[in-house]
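Notes follow once the structure below has been shown.
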Amino acid sequence: MTSLPSSGAAGDPGQPLDPSNSPSAPIPQDPSLAEEQPHTPGPAKRRDGRYYAMLVSGALTVVLGIAAAVLPAPYVVESPGPTFNTLGVDHNKPVISITGHATYPAKGSLDLTTVYINGGPNGPVSIFEAFQAWLDGSKAVYPEELLYPKGVTKQQSEQESALAMTTSQENAVASALQEENIPFGQKLEVAGLSDGSASAGKLQTGDVFTSINGKAITSLSVVQTALSDGAGAPAAVVVDRNGKPVTVNITPGKSSSGKYILGVLLQYKFTFPFDVKISLDQVGGPSAGMMFALGIIDSITPGDLTGGKHVAGTGTISPDGTVGPIGGIAQKMRGARNGGATLFLAPAANCDEVVGHIPDGLQVVKVETLADAKSAVERLASGQDMSRLPTCSNN
């Protein structure tokens, strides 16, 4: 999750002493030294060339220093952002509102975590600011191109972040209902085709996937498994197009990572049995999915999932409950501890970034699924031994 940066306050520097105003003892004078002495003027001395060289060097140093502090640098700085309790409120509105299903009050905290991001399309950082952040253990500095495609605008970045947030919320509802065995409708729809798509001329935007190689498509993983098993052989895909079944044979291409793909952009379309609304201002991205799902589960099930304890975490969520990796986890762990959390749920895929960055007083449990995360919170709530849970330093 990303959050808009906030400005800091400058300190009040001390005032330097002025020797002319400082009290001091009178300096004894020798009258003989005060008398005028005869002076014979001599020839004028020429300025040493080194004087002018030092003057120019000093001026250049000042100019370069100002430039370093002002000119933008191609870096992005991540720092700990605020946390938000998915069981609480934001701007006087419940973060999670549910209608059409019984809800139950909860006393604990299930915090989603965020990072502030400066640089890139969010506004430039100076070399001086990047260097300061590099020296600050709570922040991270990355080359801009590592996080943002070249030429992306702030508006494009915000739109992408908002779409990712909406998708994560829908996936959170789906995964929570699946975890609680509550039926709902789900289908995969073609949202578009990639450049040079293997499906060009065969699939259209709006097509709904029905089956592949005779297997009913219930999730994206079914498509991925069928293509992998086929090892590049043509796949028989059945789609629903405007209410009619259409069968096409598609020879998959290969992605840059070596996986077989159809070259289509797919999105889930859900039909839920009740309404879930998530309200959170000034926050975007997909990384709150797992914590949203836990908040929904706690809201629609009797009892208190956390047992009144303070839990935080991060991770994307897929409709089948798989927890995925996110960015800025070191800063999110620090933000979680600053917010009072004692247990942090981290995606297993982020373990390399977790080790060596865990704040004092925070226990980190690695999770691969929503079921793992729920089990860890329940264990904490019941007062069971937490040392046996998987961490990023053991299996």
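The values are calculated or read from the model by the stated rules, or taken from the named source; none is laboratory data. Just so we're clear, the structure is a prediction, and the values are computed from it rather than from any experiment. Heads up, the Cβs are rebuilt from the backbone with ideal geometry, glycines too, and the neighbour counts pull from every protein chain shown. These area figures cover heavy atoms from the full protein model, side chains too; ligands, DNA and RNA do not enter into them. Shrake-Rupley method; radii C 1.70, N 1.55, O 1.52, S 1.80 Å.
Across the protein chains, with a 1.4 Å probe defining accessible surface, the residues D304, D385, D275 rank D275, D385, D304 from largest area downward.
Computed from label points 7 Å out along Cα-Cβ, the spacing between A162 and A349 is 2.6 nm. Sorting 129-136, 87-94 by their mean Cβ neighbour count within 10 Å, with the most densely packed peptide first, gives 129-136, 87-94. Full extension of the chain between A200 and Q155 yields a length gain of 13.3 nm, computed as 0.36 nm times the residue separation minus the alpha carbon distance. Counting 0.36 nm for each residue step from K259 to S375 and taking away their Cα separation leaves a gain of 38.5 nm. In the assembled protein chains, I296 presents an accessible area of approximately 0 Å² (probe radius 1.4 Å). Rolling a 1.4 Å probe over the protein chains gives E353 an accessible area of about 80 Å². The overall shape of segment 170-325 is prolate: from the C-alpha gyration tensor, with semi-axes ordered a ≥ b ≥ c, the ratio a/c is 1.5 or greater and a/b exceeds b/c. Both numbers refer to the Cα atoms of segment 212-292; Rg and Dmax are 16.8, 47 Å. Residues E78, E189, ordered by accessible area of protein heavy atoms at a 1.4 angstrom probe radius and largest first, appear as E189, E78.
Of all aspartates and glutamates in the structure, the ones whose alpha carbon falls short of 12 Å from that of K244, not counting any fewer than 8 places away in one chain, are D207.
Once the Cβ-Cβ distance of K269 and S221 is raised to the sixth power relative to R0 = 22 Å, the FRET efficiency obtained is 0.85. As a rough guide to protection, the peptides 211-220, 112-121 ranked by mean Cβ packing within 10 Å, highest first, stand as 112-121, 211-220. Its residue count N fixes a reference of 2.2 N^0.38 Å for segment 84-138, and the Cα radius of gyration divided by that reference is 1.84.
Rg of the Cα atoms in segment 252-333, relative to 2.2 N^0.38 Å, amounts to 1.42.
When every Cα-Cα distance of segment 156-205 is counted in 10 angstrom steps from zero, the calculated P(r) takes the values 20, 32, 34, 15, 0 percent.
When Rg and the Kirkwood Rh are both derived from Cα coordinates, the Rg/Rh ratio for segment 73-116 amounts to 1.19.
When the pairs K150/K269; K215/K366; K107/K366; K150/K259; K93/K187 are compared against a 29 Å limit on Cα-Cα distance, K150/K269; K215/K366; K93/K187 fall above it.
Overall shape of segment 131-180 was characterised from the C-alpha gyration tensor. The equivalent ellipsoid obtained from it has semi-axes of 32, 18, 8 Å, in decreasing order. In summary, the convex hull built on the alpha carbon positions of segment 64-212 has an orientation-averaged projected area of 14.8 nm². Once R0 is set to 51 Å, what does the formula 1/(1 + (r/R0)^6) return for the Cβ-Cβ distance between F131 and T247, expressed as a FRET efficiency to the nearest 0.05? E(calc), rounded to 0.05, equals 0.25.
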